[in-house]
Structures are given as structure tokens and as C-alpha cells.
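Written below as C-alpha cells is the structure these notes are about.
The values are calculated or read from the model by the stated rules, or taken from the named source; none is laboratory data. The structure displayed is predicted, hence computed values, not measured ones. For neighbour counting, all protein chains shown are included, and Cβ atoms are generated from backbone atoms with ideal geometry for every residue, glycine included. Keep in mind that these areas ignore ligands, DNA and RNA; they rest on the heavy atoms of the full protein, side chains included. Shrake-Rupley method; radii C 1.70, N 1.55, O 1.52, S 1.80 Å.
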Amino acid sequence: MDEQRSGSPAGEAGGSLDRRAELSEFLRSRRARLKPEDVGLPDFGRHRRVPGLRREELAQLAGVSVAYYTRLEQGNGRNVSAEVLDAIARALRLTDAEHAHLTHLAKPKRHKKKPSTRQQQVRVALRELIDTFDNVPAYVVGRRSEILVWNRMAAAVFGDWSELPPQERNWARMVFLRPEYRELFVEWDQKAYDIVSLLRMDAGCHPDDPRLSALVGELSVKSEEFRRLWATHDVKEKSHGVKRLHHPLVGELTLSFESFKLVDDDEQSMVTYHAEPGSASAEALRLLASWGTDAISAGTTAPQA
């Protein structure tokens, strides 16, 4: 199998994300995107001095006092109940992913968690399983968008990640910092948005993760596009969909993907790609499979850092 080490990047130690600031900015951003008419309130037009809903309007919709909501939006989630968070989520019209993110920020879980710096491990049986997928690109992704293990077909389609240092085997780093991935993904903007949305979810669950904080800091410095997307505070989980790729050997590929969270480790997901049977993309995958390592070395290998 082409993985070959399942460890986390040995990135520089960083600080932690400020949970209070994250909570405050998330609530402000969700409130700002709602217009009064969206929730059945009158719009005062030019007299409205703030974007979106006012705090008192949101508090009224949620059935809480303005002072209570103001404290929450200032980052003070202490003693907030699940019922109040549910009411605020409904008032803000949050998606399920956004509701979960709000809960993580306001009411962090107190049970013992795996240390954020612990090396991520993939079960041997799972490694062996994805290695049996002859025509299906597959990999396991963990915390911080780190690619932990992958099969030969994933290397043929996305690049030979074994050529990269472990700390560079990371979707966020590759999408924002490596030009070849901008060319590989036809809808690069959507891929970039999806990656940042997932990192935001991760940050809500693990704000004390120094490696995640360091990754966000590095990408914010090196990529204006990352900074812009990170500032939106959008969160989303995507378990399936379609990706269009422009492969350097076989041209256009249209692949459906499925992402499966592991039952015994919900911080890891197995991702698989497949083409519609009988399609040109299915034939292209068959060709890549038949070429084997030649397909990797002939044009899909990501350059070494």
C-alpha cells in the first residue's frame, strides 16, 4: 500500500484557538447574514445601521432576554442550556452542522479526549481493506484534513503522496499552497470552501489543538483565499458528492465520492471515489489501474517540497 506512515504532521507547536472569540464571531456572522424579511420582521431600510438582524430582534425570536443573548454573543457560554442553544439555532436558521458547531463552542465536552498531539493511527485491517480496491481510489483522512493512508488508485488520481514529507500530506496545505491541485480540481473554489468548512468544524471540536492552530496560522499568512474563507466562519459536513478533475494523463474525470466516518474513531473518515459504469471516466480509471506505477510516475506525482 502507498501510505506508509500514518502519523500526524510534526508541525510547529502553536497556541490554541480562542473559544470565546470563536463563539462570538460565529454568532455575529450568522446573525449578519439574516435579513429582517427572512424571519418575518419589518425592514426599516436606510434607518437600519447594522447588517442583518439586531441583537434584540434575534433575542426576541429565540425567546431569551437581550442581556442573556448579548452575553452569549460576547463569548460567554457558561451555563447556557441545550434548550437555549436549540432556540438560538432555530432563530438563526442554522444547518445541522452549524448547530453542532455552536454547541461545541458554547458547551465544550468535558469528558476525557485523546490528546490533540497524539499520533493518529489507522487500523491495519482498514489499511488492508482499501488496498484491495483495484479500481477505486480510496484514502483515510483524519484530524486537520491530514491524509493518513491511501491506496494505489488514489495515488494514480491525486498524486503520489509518499513523495511528500508527512507534514505536507494534508488536504488544506495541498489545495491552498500547491499550484498542481488548483489545476487538478475543475471546481477548485468549491474544493477550497469544503476544506475550510471542515477545518472550522474541527476547530470547534478541538480549539486547544496547537497543530491545528499552527496550520490555520500558516495558511492565513500564505494564502489570501484561505484568510477570506476562514473569516466567513462557515461550517459544513459533506458525506457524498461529485468531483470533476482534470487529470494530466487521462483528461477530464467525473467521480462520485462517498465519505464514511469510522464508528470506532469518528475523527477519521474513509473516502472512496467511483465513476458511473460504462462512462468515459470509468474507462479512464480502468486505464490508470492498468498502467499502475507508470500512471503515477508519468504525471500525477506531486513534486517534493
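The table that follows gives values for the structure above.
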{"read-out": "Leading residue by the ranking (modelled with the lowest pLDDT) among those in region 1-55 that are open to solvent by 70 Å² or more (accessible area, probe 1.4 Å) and basic (Lys, Arg)", "value": "Arg5"}
{"read-out": "Among (1) surrounded by fewer than 19 Cβ atoms within 10 Å (Cβ to Cβ); (2) within 21 Å of Phe260 (Cβ to Cβ) - the single one Pro137 does not satisfy", "value": "(1)"}
{"read-out": "Enumerated helices (runs of 4 or more DSSP H) restricted to region 154-215, each holding at least 3 residues that are among the hydrophobic types (A, V, I, L, M, F, W, C)", "value": "171-177, 188-205"}
{"read-out": "Failed item, numbered, when Val136 is tested on (1) out of contact with any His (no Cβ under 6 Å at 6 or more places or on another chain); (2) assigned to a loop (DSSP other than H, G, I, E, B)", "value": "(1)"}
{"read-out": "Residues (open to solvent by 80 Å² or more (accessible area, probe 1.4 Å) and at pLDDT below 95) located in region 261-276", "value": "Lys261, Val263, Asp264, Asp266"}
{"read-out": "Residues satisfying the stated conditions in region 168-198, i.e. of a type in the set (A, V, I, L, M), out of contact with any helix residue (DSSP H, G or I) (no Cβ under 6 Å at 6 or more places or on another chain) and buried (at least 21 other Cβ atoms within 10 Å of the Cβ)", "value": "Leu184, Leu198"}
{"read-out": "Per-region count, region 210-228, residues of a type in the set (A, V, I, L, M) and crowded, with 22+ Cβ neighbours inside 10 Å", "value": "4"}
{"read-out": "Count of residues meeting criterion [buried (at least 19 other Cβ atoms within 10 Å of the Cβ), charged (D, E, K, R) and farther than 19 Å from Met270 by Cβ] in region 150-167", "value": "1"}
{"read-out": "Residue pairs meeting the criteria (Cβ under 9 Å; at least 6 apart or on separate chains; first crowded, with 18+ Cβ neighbours inside 10 Å, in region 62-85; second among the polar types (S, T, N, Q))", "value": "Leu72/Ser24; Glu73/Ser24; Gly75/Ser24; Leu85/Thr103"}
{"read-out": "Of the criteria (1) among the basic types (Lys, Arg); (2) modelled with pLDDT of 90 or more; (3) in contact with a helix residue (DSSP H, G or I) (Cβ under 8 Å, 6 or more places away or on another chain); (4) open to solvent by 40 Å² or more (accessible area, probe 1.4 Å), which one Lys107 fails", "value": "(2)"}
{"read-out": "Filtered residues of region 243-263 (kept if acidic (Asp, Glu) and closer than 23 Å to Val140 by Cβ)", "value": "Glu258"}
